Amino acid sequence: MTLPQRIALVALVLPIISIASSYFMSANAGHVDWCLPYIDGCTTITATGIFYPAAYVFRAGLISSAVVFIIWWYCVRAWLESVGHPQHHPWIHRIVTFAIIASMLLVASIAVLGEHMEPPSEHRFLWRFHTTTAGLFFLITALCQIMMTWRMRQLQDDLGIKFSRIASKQILAALQLLLLAAFMLILIFDLKSDGVEEIFEWWLATFSCLYFYTTYHDWRDFRLTRREQQPLQEASL
Amino acid sequence: MSFGQFIALASFVLSMGTIAVTYAVGTAQGTAELCNPFIDGCTDITHTGMKGDAGFIFRGGMIAACAFFIVWWQVMRTWLSGHSNRLALTVMQFFGVLAALGLLAGTAVLLPEKSATHWGVHVRGANLFFQGMLIALTVNYVLVFRARRAGLAVPSFAVKSALILVLWLMTVAFAGVTVGIDMSHGKRIIEWWATLFIGIYFLTSYWDWKRIRLVHY
């Protein structure tokens, strides 16, 4: 398994395990309800990481995940500039810059979480800060993944990427776009009901993580190397 | 900037930058004592990053830095592979990653209230970081030394040698860094310097890893 492949795998597994563990611990301690949050929307992702000891797992896991996302975007830029006819793609630089900023916002968003935010009515600024930064992370990451897929599709021939390698990305990008569009409509027409926001949040987070994983197969021949070595003798990971 | 250089720079800037910003914010908000901690030892690193906004910055920054440290050891392994045997590289990486995980766990359990903090986890995690890192860096230095003799270009060798020498002198002369809940002034001074030297060691690889790149074949 190459290093970029490990990054793609960890970008899927680490956030999911962190959120699932903190949800299990929080629900076990009675801080959040037991349910299937993808369908019932009984709790937000944030709520699973407020109370200790679940908050420790949530904090450690999701901040580390944000670093993995940053490295994943770095890998994407290096990969897209080395496949097909290697050339400079200013668009990918812009997307990666925005996406890295979004991951930094996730770090800031998680760093403020904890029991000290209880009760919410007395810590409005911290809650507003968390909601804004987390919301921007979800929005920007989803948009960057959608933009990346769209541009990859446009430049498919130049990049020399097979259709099968973009297919899963297209499906996940389309699902994210649908979720964002539906959420906007709900907000505009004031159709909000209990649990809707939570359901959107859980699905959007899952689609984003699955998107990170889609590059696992793309990166089979994409590796970290010392350039002075010959390819056959590469010390590669 | 190559991938290797990015990781080396990020590991240094994020860890040292976090500590510097935390201390600046802590002293500005009155949650940390103002002094030159490298000389006076008026506070230890942990206590600068517990209360107020400094606590948020410290927890976010240091956990992120630890994640970069783990990748740093992976890059180091790639750089040395071909010049070192697999077992030695595995031992080096194991202690390096263990040290980073120790600090990650030790930082994640920090809370604004001293009485509520899980000191057992924090103290064990921080000590695991300093002691594990000393073992990992020593193994790393020996492997770099051998690789250099075998022809690997190591522009930062002199700086790495000086850093390892100082870290070991500190260990022998002052019994190294032993983190506790309430540390003596001397121990705090040692902690600040040891952290700085470890951070600089991470940075030195910036000059070694110009050609450590992600390449598509």
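How large, in Å, is the stretch B:1-114 by the Kirkwood hydrodynamic radius built from its alpha-carbon pairs?
15.3
How would chain A be classified by its alpha-carbon gyration tensor: rounded, prolate or oblate, with rounded meaning a/c under 1.5 and the a/b versus b/c comparison settling the rest?
In terms of gyration-tensor shape, prolate.
With loop defined by DSSP as not H, G, I, E or B, and exposure as at most 15 other Cβ atoms within 10 Å, which is the longest segment of chain A clear of exposed chymotrypsin sites (Phe, Trp or Tyr not before Pro)?
That would be A:39-188.
Give me the accessible area of B:F12, 1.4 Å probe, in Å² rounded to the nearest 10.
Approximately 50 Å² for this residue.
To the nearest 500 deg cm²/dmol, what mean residue ellipticity at 222 nm is calculated for the protein assembly as shown from DSSP H runs of n ≥ 4 alone, each contributing -39,500 (n - 2.57), summed and divided by the residues?
Helices in the protein assembly as shown give a 222 nm mean residue ellipticity of -24000 deg cm²/dmol.
By its C-alpha gyration tensor, with a ≥ b ≥ c as the square roots of the eigenvalues, how is the stretch A:102-237 shaped: rounded for a/c under 1.5, else prolate for a/b larger than b/c, else oblate?
oblate
Output wanted: per-residue J couplings in Hz (rounded whole) for the stretch A:177-187, from phi through Karplus 6.51 cos²θ - 1.76 cosθ + 1.60, θ = phi - 60°, x for Gly and Pro.
Going residue by residue, I get 4, 4, 4, 5, 5, 5, 5, 4, 4, 4, 5 Hz, with x marking Gly and Pro.
Over chain B, what is the relative contact order in percent, taking alpha-carbon pairs closer than 8 angstrom and at least six residues apart?
Taking the mean separation of contacting Cα pairs over the length of chain B, I get 31 percent.
Helix check for chain B. Which DSSP H runs span at least 27 Å along their own axis by Cα, with a mean Kyte-Doolittle hydropathy no less than 0.5?
Helix filter hits for chain B: B:3-29, B:52-80, B:86-108, B:119-149.
Take every residue in peptide A:107-118, count the Cβ atoms of other chains within 10 Å of its Cβ, and give the average of those counts.
Neighbouring Cβ atoms belonging to other protein chains average 4 per residue here.
Rounded, prolate or oblate: which fits the stretch A:15-151, taking a ≥ b ≥ c as square roots of the Cα gyration tensor eigenvalues, rounded meaning a/c under 1.5, else prolate when a/b beats b/c?
prolate
Taking +1 at the Cβ of each Lys and Arg and -1 at the Cβ of each Asp and Glu, which of B:M76, B:L87, B:V121 sits farthest along the dipole of the stretch B:34-128 towards its positive end, judged by Cα position relative to the Cα centre?
B:L87
For peptide B:64-76, what's the mean number of Cβ atoms from other chains within 10 Å of each residue's Cβ?
For this peptide, the per-residue mean of nearby foreign Cβ atoms is 4.
Excluding residues fewer than 8 places away in the same chain, name every one of the lysines whose C-alpha is closer than 25 Å to that of B:K51.
Within the straight-line cut-off, B:K51 pairs with B:K114, B:K187.
Just to make sure I understand: if all protein chains stay in place, what is the order of A:R128, A:R77 by accessible area at 1.4 Å, largest first?
These residues rank, largest area first, as A:R128, A:R77.
Please report the relative contact order for the stretch A:93-237, taking Cα pairs under 8 Å with a sequence separation of at least 6, and give it as a percent rounded to a whole number.
Contact order relative to length: 20 percent.
Where is the GNM fluctuation largest for chain A (alpha-carbon springs, 10 angstrom cutoff): A:S121, A:S168, A:S64?
A:S121
How big is the A-B contact in terms of buried accessible area, both chains counted, 1.4 Å probe, rounded to the nearest 100 Å²?
Chains A and B together bury roughly 3300 Å² of accessible area.
I'd like the accessible area for A:T132: 1.4 Å probe, protein heavy atoms, all chains in place, Å² to the nearest 10.
70
The values are calculated or read from the model by the stated rules, or taken from the named source; none is laboratory data. Bear in mind that the values here come from a model prediction, so they are computed numbers and not experimental data. Cβ sites come from the backbone with ideal geometry, for glycine too, and all protein chains shown count toward neighbours. Surface areas here come from the heavy atoms of the whole protein model, side chains and all, with no ligands, DNA or RNA. Shrake-Rupley method; radii C 1.70, N 1.55, O 1.52, S 1.80 Å.
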